[in-house]
Amino acid sequence: MKKPLIIAIDGPAGAGKSTTARRVAEHLGYAYIDTGAMYRAVTLKALQLHVPLEDQALGEVARNVTLELVQSPNGQRTILDGQDVTDAVRGADVTNAVSIVAACPTVRRAMVLLQRRIGNDGGVVMDGRDIGSVVFPNAHVKVFLVADVEERIRRRLAEATAQGQAASESDIRRQIVERDRLDSSREDSPLIRASGSVDIDTTSLTIDDQVQRIIDLVAAYHRTYDLISTFGSL
Ligand code: CDP
């Protein structure tokens, strides 16, 4: 039985994190944890309650919600206070506000605590912005997924169209550019390349390619670990 690992996948919107992370988790028989959905769920709750988008009020919301991340054959379902909000958290109103909510230190503290509790024993692929840098700086495998901004906009537009959402290219461009800016410039846990992470540029890779690269990194980790254990016990 191989040691269950913590695999951290960080990167900006549209780089391919969720599809890649889900497929890697499936392949390894691990849980896939989409931490963006957690920040989105807190944002949805804050919008429903009409609370001001500032640190104290949002922290209060984050500490009082019940969040469950349920593994299903179609990926993670996000359950907020007993309601399945998996689709609702992907709406434009939430997308437009989430980076403001996620910049609040009190919100981050509550979410990171939950993420550590979920992932601590390993056997998880967790995707987000700060997984390799803050949540699990000792993750066994860390990946930083990037892609050209034009390609990321193209992917998000195709996704929105496939889901029947009425989003224009200019809306998506504005959302992605603004979210990149807010996520990368915030003081608390900005989107950065964590030390020890491996860059994968997905601009011209297929999903299969990017999944395979991560599986190769996992295999390389196990080989090194097995070698160290063998020599360590001689
Ligand atoms: O899927 P997409 O890349 O659009 O975004 P997401 O992963 O659902 O994350 C939504 C937002 O949550 C991001 O733009 C960040 O503002 C925030 N987030 C974060 O701050 N830290 C994380 N670990 C994950 C998401």
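The values are calculated or read from the model by the stated rules, or taken from the named source; none is laboratory data. Quick caveat: nothing in here was measured; it's all calculated off a predicted structure. Glycine gets a Cβ as well: all are built from the backbone with ideal geometry, and neighbour counts include every protein chain shown. Side chains included, ligands, DNA and RNA excluded: accessible areas come from the protein's heavy atoms. Shrake-Rupley method; radii C 1.70, N 1.55, O 1.52, S 1.80 Å.
Quick look at the values:
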| read-out | value |
| --- | --- |
| Size of charge dipole - the range 3-101 - debye, nearest 20, with Cβ of Lys, Arg +1 and Asp, Glu -1, no other charges | 380 |
| Exposure rule at most 16 other beta-carbon atoms within 10 Å, DSSP loop trypsin sites (Lys or Arg not before Pro): the chain longest free segment | 3-192 |
| Cα-only Debye scattering, the range 6-228: base-10 log of I(q)/I(0) at q = 0.14, 0.15, 0.16, 0.18 Å⁻¹ | -0.86, -1.00, -1.15, -1.48 |
| Farthest positive-ward along the range 1-65 dipole, Cα basis, beta-carbon charges - from VAL61, VAL24, ALA46 | VAL24 |
| Simple Cβ-charge dipole of the chain, Lys/Arg +1 and Asp/Glu -1, about Cα centre, in debye nearest 20 | 380 |
| Only Lys, Arg (+1) and Asp, Glu (-1) charged, at Cβ; the range 1-50 dipole about Cα centre in debye | 100 |
| 1.4 Å probe accessible area per residue over the chain, in Å² | 49 |
| The range 44-80 versus the range 178-222: alpha-carbon centroid distance in Å | 25 |
| Carbon + sulfur, % of accessible area of the chain - ligands and nucleic acids excluded, 1.4 Å | 53 |
